[in-house]
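Below you'll find the structure, written out as structure tokens, and then a few comments.
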Amino acid sequence: MRVTQLPLLPSASPPVPPSALAVLDERLRGTKFVQLAARSVLNSPQQTGVDFWSLNPYVGCEFGCTYCYARYAHRYVVERAHDAGRLSDAEFREFRGPHGWEAFERRIFVKEGLPGALERDLQRYFRSSGTSGVAAAPIVIGTATDPYQPGERRFRATRQVLERLARCEGLNIGIITKSPLVARDIDVLQRIADKSDLQVHVSLTTVDAAIIRRLEARSPMPAARLRALRKLTAAGVNAGLIVAPVLPGITDDVPHLEALFQAAREAGARFVHAGPLRLYPAVRDRFLPVLDAHFPQLSERYRRAYARASGAPRPYAAALSRRVRRLQRRFGFPENEGMRDRYANHLPPAQGALGL
Ligand code: SF4
């Protein structure tokens, strides 16, 4: 996605009204939820350059994972709103944060008008992939921001989307989330699964709560995510763990991964998928200082390993893949690369491999 550059000179456009973006809610913890009119919510493969359709009801995510690659999308929305005169210069600074990444976690855009937009998008979707005999192109919810982040409790945007998808037949739907709130929607997930292929990926990088707290500012604790996974699988929902990113030197050792696989099995997971860290330029500013603070012994190795590319070094990725497959075999899970296999070439920006 191209990021709009800021104008070098002050805009000659008319003065911006004090609050052109409607604030839907404000929380004591400092988060503001802002309305974002959405004419379209389903991104086609042509729009994103990946092989599946994607849908994200929110822009920004309160969970605030330091390794999250979606911050650029928030920045893009903020810059567009400013360029269009819907954010004053002062609001623009507030919606970016001092370093350009903070507001992603504290200024959450809630897409408004989802039902109408989705209705139009589904017509487009069925026109493009409705050829008889051809399997429906996957629709993945939560590729850029968590669809069950705290705001969903109030706004129920993800629920609205699922209710609509439950009326369709023959879809191939994936959902990615770190939040136990997904268990709230078991009823609608069951209805979707009656008519379509559904896979719920509960995202968890480690069962070590201390590591989680250093790297994911406000995400749910591992035990809460595993309880949600247990509820989903007990209700017959096709759900498993996605372990991404695996962090070199932090969570990639056998004991860490074994503990995850064991926890997944106890929660009734149908699959466990894993993939290494991708360190995009927009992620570095947020992630590397945290690495320096909490894992200083790894700082130099990460900088060297990711110096030339966002993906982890190829030998590392290959070694990690072998390790994951061995664990999949040992714990009785299907042996594959996970989402990459299921959605064929389509995971967002290509991954590399780890070899620190
Ligand atoms: S939960 Fe997902 S979208 Fe939210 S900050 Fe973490 S990685 Fe990003």
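The values are calculated or read from the model by the stated rules, or taken from the named source; none is laboratory data. Note that the coordinates shown come from a computational prediction; the quantities given were computed from them, not determined experimentally. Every residue, glycine as well, gets a Cβ built from its backbone with ideal geometry; the counts of neighbours run over all protein chains shown.
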Might you check whether a residue that is buried (at least 18 other Cβ atoms within 10 Å of the Cβ), out of contact with any Ser or Thr (no Cβ under 7 Å at 6 or more places or on another chain) and small (Gly, Ala, Ser) occurs anywhere in segment 122-134?
yes
Pairs returned, first residue in segment 63-86 that is within 16 Å of GLN149 (Cβ to Cβ), second residue that is within 10 Å of the ligand (Cβ to nearest atom) and among the hydroxyl-bearing types (Ser, Thr, Tyr), beta-carbon separation under 7 angstrom, 6 or more apart or interchain, are PHE63/SER219; CYS65/SER219; ALA70/THR145
Of everything in segment 269-285, what is modelled with pLDDT under 95 and surrounded by fewer than 22 Cβ atoms within 10 Å (Cβ to Cβ)? Give them in sequence order.
ARG278, TYR280, PRO281, ALA282, ARG284, ASP285
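Could you say whether any residue in segment 245-260 is more than 25 Å from ARG325 (Cα to Cα), among the acidic types (Asp, Glu) and touching a residue at least 40 places away in the same chain (Cβ under 8 Å)?
Keep residues of segment 245-260 that are more than 25 Å from ARG325 (Cα to Cα), which gives none.
Scanning segment 245-260 turns up no residue that is more than 25 Å from ARG325 (Cα to Cα), among the acidic types (Asp, Glu) and touching a residue at least 40 places away in the same chain (Cβ under 8 Å).
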Where ALA210 falls short, out of the listed (1) free of Cβ contacts under 8 Å to residues at least 12 places away in the same chain; (2) within 13 Å of the ligand (Cβ to nearest atom); (3) not charged (D, E, K, R)
(2)
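Please work out if GLU105 is in contact with a Gly (Cβ under 9 Å, 6 or more places away or on another chain), within 16 Å of the ligand (Cβ to nearest atom), at negative phi and part of a loop (DSSP other than H, G, I, E, B).
Details: in contact with a Gly (Cβ under 9 Å, 6 or more places away or on another chain): yes; within 16 Å of the ligand (Cβ to nearest atom): yes; at negative phi: yes; part of a loop (DSSP other than H, G, I, E, B): no.
In short, no.
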Residue within segment 43-52 that is away from the ligand (no atom under 13 Å from the Cβ), surrounded by 19 or more Cβ atoms within 10 Å (Cβ to Cβ), under 19 Å from THR145 (Cβ atoms) and in contact (Cβ under 8 Å) with a residue 24 or more places away in the chain present:
yes
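Select from segment 162-202 the residues that are among the hydroxyl-bearing types (Ser, Thr, Tyr) and either more than 16 Å from the ligand (Cβ to nearest atom) or surrounded by fewer than 22 Cβ atoms within 10 Å (Cβ to Cβ) (or both) and list them in ascending order. Steps first, answer last, please.
In the first step, residues of segment 162-202 are kept if they are among the hydroxyl-bearing types (Ser, Thr, Tyr); the result is 177, 179, 196.
Within segment 162-202, SER196 is the sole residue that qualifies.
Considering only segment 282-300, state which residues are in contact with a Lys or Arg (Cβ under 6 Å, 6 or more places away or on another chain) and under 20 Å from TYR76 (Cα atoms).
Step one: filter segment 282-300 for residues in contact with a Lys or Arg (Cβ under 6 Å, 6 or more places away or on another chain), giving 282, 294.
Once the filter is applied, which keeps residues that are in contact with a Lys or Arg (Cβ under 6 Å, 6 or more places away or on another chain) and under 20 Å from TYR76 (Cα atoms), segment 282-300 yields only ALA282.
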Residues in segment 156-175 that are more than 14 Å from LEU122 (Cα to Cα) and touching an Asp or Glu at 6+ places or on another chain (Cβ under 8 Å) total 2
How do the pairs read when you match residues in segment 288-311 that are assigned to a loop (DSSP other than H, G, I, E, B) with residues anywhere that are among the acidic types (Asp, Glu), using Cβ under 8 Å and keeping only pairs 6 or more apart or on different chains?
none
Starting from residues that are near the ligand (Cβ under 9 Å from one of its atoms) and outside any loop (DSSP other than H, G, I, E, B), keep the ones in segment 59-90 and report whichever is surrounded by the most Cβ atoms within 10 Å (Cβ to Cβ).
ARG71
Give just the number: which of (1) within 16 Å of the ligand (Cβ to nearest atom); (2) surrounded by 21 or more Cβ atoms within 10 Å (Cβ to Cβ) does ARG153 not satisfy?
(2)
Restricting to segment 214-259, count the residues that are over 19 Å from the mean Cα position of the chain (by Cα) and charged (D, E, K, R).
6
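Could you grab me the full set of residues in segment 91-102 that are within 16 Å of the ligand (Cβ to nearest atom) and among the aromatic types (Phe, Trp, Tyr)? Steps first, please.
Our first condition is that a residue be within 16 Å of the ligand (Cβ to nearest atom); within segment 91-102, this holds for 97, 99-102.
Result: TRP101, single match.
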